[in-house]
Amino acid sequence: MSAPGVVSARRQIDDAFRHRHPDDELYLRRALETGLTGTAPIVEQYERKISERYGINHVLAVSSGSAAVAVALEGIDWEVGDEIIVPPSCPICTVLPIMARGLKPVFCDVRPHNFGLDPEDLARVVSPRTRGIIEVPMWGYPSRADELWSIARALELSLILDLAHCHVTRLNGKWLAEFGDIACFSTHEGKFMSTGEGGFVMTNDATRDARMRAYTRFGNLDGKKVGLNYKLGGLQAAVGIARLDAIDWHLEVRARNRQYLLERINNPLVRELPIVEGGVINGYALLMQVVRGDGRRFVEHLDAHGVPSDVKKYDNQPLYNYPLLADRQRDCRNARELLRSLTTIPLHPQLSTEDLQHIVATVNAYVG
Ligand SMILES: *Cc1c(COP(=O)(O)O)cnc(C)c1O
């Protein structure tokens, strides 16, 4: 037992999980034999495997998570200058592709203690130029995308889910990805599943899929529509095929690590961020929230004792604070307070029992 304010062992916990799979070499060799371009059979095989896993008809592998957002925008109708509603609590990676297409991001507040958009605030920010909504649930915790999708449909707006953090996150017995018109993912090395760089987009709508697919291959080179090359290469797809099989193992180990921590953390100043009813997290990170006081003090305490936090690393704050988005300024209180109250705690499979014990001791020693 450690007394409050005291953490005995000095330890630095690694926040990066090095993804490896015994089948990586097997599929890489297959890619070398069958072709490495973005239209090689290995890429189709990767897309099919994701599609089977999620039970969603159309999957399009792309070169990054930000490419996935840019490509998803091609699946909805808009003109330059139109508006896309986003939460200010997401990473700037979601917003830059919107701006790059000449669309205007419009910030909408999130619900209290959740990264999902707040329906009441949404009603305030919708305008005649709104063309779409992007929901960005963070660190594997589901949002009320089910309710948001109903609202979006009533408003005749498309809903895109940026699930870069929410691979295999669940809601109401389904994948969170099923509660939107289009879902996009990142497979960057730092994400739940990694192909080094990469991403994918999925939809059940064949028309949206055809439009998005054309956009990733120069508009099918027919000279009638704009497009770029956003295809994922064969080597990344090969690694993706191998690593899709490791997802269940990730879920299991991360759930076990979370349970270990939650059973031993007994500091009344902090709690896990509430999980929406019917939701199941993926264990990408454990979100801990201070129940009073400034959460950044908690982040600093953890950092000083070798427990890394994404919130420390990225200094997450409402995006309208950034110079690029200063003209989109709009105070979103829930988002501001949420980001200020939180820290991420790693749950990745490389954590040892000593690491977990050190996290427990460090969290329990926090005195505010
Ligand atoms: C990481 C991330 C992206 C960008 O993904 P890349 O693969 O790095 O381009 C987009 N949106 C969110 C929410 C992310 O976390």
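Residue by residue through segment 182-214, note down the ones that are more than 16 Å from the ligand (Cβ to nearest atom), in contact (Cβ under 8 Å) with a residue 60 or more places away in the chain and open to solvent by 10 Å² or more (accessible area, probe 1.4 Å).
Within segment 182-214, Asn204, Asp205, Ala206, Arg208, Asp209, Arg211, Arg213 qualify.
Look at Arg20 and say whether it is away from the ligand (no atom under 16 Å from the Cβ), over 30 Å from Tyr314 (Cβ atoms), open to solvent by 10 Å² or more (accessible area, probe 1.4 Å) and free of Cβ contacts under 8 Å to residues at least 60 places away in the same chain.
For Arg20, the condition - away from the ligand (no atom under 16 Å from the Cβ), over 30 Å from Tyr314 (Cβ atoms), open to solvent by 10 Å² or more (accessible area, probe 1.4 Å) and free of Cβ contacts under 8 Å to residues at least 60 places away in the same chain - is not met.
What are the residues in segment 166-223 that are among the hydroxyl-bearing types (Ser, Thr, Tyr) and part of a strand (DSSP E or B), if any? It would help to see each step written out before you state the result.
Taking segment 166-223 first, the residues among the hydroxyl-bearing types (Ser, Thr, Tyr) are 169, 186-187, 194-195, 203, 207, 215-216.
If the condition is that a residue be among the hydroxyl-bearing types (Ser, Thr, Tyr) and part of a strand (DSSP E or B), then Ser186, Thr203 are the ones that fit.
State whether one or more residues within segment 294-313 are in the same structural domain as Glu263 (by TED's automatic domain parsing), without any contact (Cβ under 8 Å) to a residue 40 or more places away in the chain and under 17 Å from His113 (Cβ atoms).
yes
Just name the residue that is nearest to Leu319 (Cα to Cα) out of those in segment 74-100 that are within 15 Å of the ligand (Cβ to nearest atom) and surrounded by fewer than 18 Cβ atoms within 10 Å (Cβ to Cβ).
Result: Ile92.
Quick check on segment 333-365: of everything there that is crowded, with 21+ Cβ neighbours inside 10 Å and assigned to a loop (DSSP other than H, G, I, E, B), which residue is farthest from the chain's Cα centre (by Cα)?
Checking each candidate, the answer is Leu351.
Spot the failing condition for Gly223; the list is (1) in contact (Cβ under 8 Å) with a residue 40 or more places away in the chain; (2) open to solvent by 20 Å² or more (accessible area, probe 1.4 Å); (3) more than 30 Å from Pro22 (Cβ to Cβ), and only one is missed.
(1)
Would you pick out the residues in segment 304-329 that are over 23 Å from the mean Cα position of the chain (by Cα) and open to solvent by 20 Å² or more (accessible area, probe 1.4 Å)? Lay out the reasoning, then the answer.
Going through segment 304-329, the residues over 23 Å from the mean Cα position of the chain (by Cα) turn out to be 304-306, 323, 326-327, 329.
Of everything in segment 304-329, those that are over 23 Å from the mean Cα position of the chain (by Cα) and open to solvent by 20 Å² or more (accessible area, probe 1.4 Å) turn out to be Ala304, His305, Pro323, Ala326, Asp327, Gln329.
Find the residue count for segment 148-173, including only residues that are open to solvent by 10 Å² or more (accessible area, probe 1.4 Å), within 17 Å of the chain's Cα centre (by Cα) and more than 16 Å from the ligand (Cβ to nearest atom). Steps first, answer last, please.
We begin by selecting, within segment 148-173, every residue open to solvent by 10 Å² or more (accessible area, probe 1.4 Å); these are 149-151, 153-158, 162, 164-165, 170, 172-173.
Checking the rest, the ones that are also within 17 Å of the chain's Cα centre (by Cα) come to 162, 164-165, 170.
Applying the additional criterion that residues be more than 16 Å from the ligand (Cβ to nearest atom) yields 170.
Here the count works out to 1.
Hey, can you tell me all the residues within segment 133-142 that are buried (at least 24 other Cβ atoms within 10 Å of the Cβ), in contact with a helix residue (DSSP H, G or I) (Cβ under 8 Å, 6 or more places away or on another chain) and in contact (Cβ under 8 Å) with a residue 40 or more places away in the chain? Spell out the reasoning first.
Narrowing segment 133-142 to residues buried (at least 24 other Cβ atoms within 10 Å of the Cβ): 133-138, 140-142.
Filter once more, so that each one left must be in contact with a helix residue (DSSP H, G or I) (Cβ under 8 Å, 6 or more places away or on another chain): 133-137, 142.
Across segment 133-142, the qualifying residues are Ile133, Ile134, Glu135, Val136, Pro142.
Check Gly140, Gly132 and return the single one that is within 16 Å of the ligand (Cβ to nearest atom) and assigned to a strand (DSSP E or B).
On the way: Gly140 fails: assigned to a strand (DSSP E or B).
That would be Gly132, the only listed residue that is within 16 Å of the ligand (Cβ to nearest atom) and assigned to a strand (DSSP E or B).
Quick one: is Ala145 open to solvent by less than 10 Å² (accessible area, probe 1.4 Å) and small (Gly, Ala, Ser)?
Details: open to solvent by less than 10 Å² (accessible area, probe 1.4 Å): yes; small (Gly, Ala, Ser): yes.
Taking the combined requirement at face value, the residue satisfies it.
Condition (residue is modelled with pLDDT of 95 or more, near the ligand (Cβ under 10 Å from one of its atoms), open to solvent by less than 10 Å² (accessible area, probe 1.4 Å) and over 22 Å from Asn204 (Cα atoms)) applied to segment 105-121: is it met by at least one residue?
Taking segment 105-121 as the starting set, the residues that turn out to be modelled with pLDDT of 95 or more are 105-121.
Pick out the ones that are also near the ligand (Cβ under 10 Å from one of its atoms) and you get 115.
Going one step further and asking which of them are open to solvent by less than 10 Å² (accessible area, probe 1.4 Å), we end up with 115.
Still in the running and over 22 Å from Asn204 (Cα atoms): 115.
So far as segment 105-121 goes, yes, one or more of its residues are modelled with pLDDT of 95 or more, near the ligand (Cβ under 10 Å from one of its atoms), open to solvent by less than 10 Å² (accessible area, probe 1.4 Å) and over 22 Å from Asn204 (Cα atoms).
The values are calculated or read from the model by the stated rules, or taken from the named source; none is laboratory data. The structure displayed is predicted, hence computed values, not measured ones. No Cβ is skipped: glycine too gets one built from the backbone with ideal geometry, and neighbour counts run over all protein chains shown. Side chains included, ligands, DNA and RNA excluded: accessible areas come from the protein's heavy atoms. Shrake-Rupley method; radii C 1.70, N 1.55, O 1.52, S 1.80 Å.
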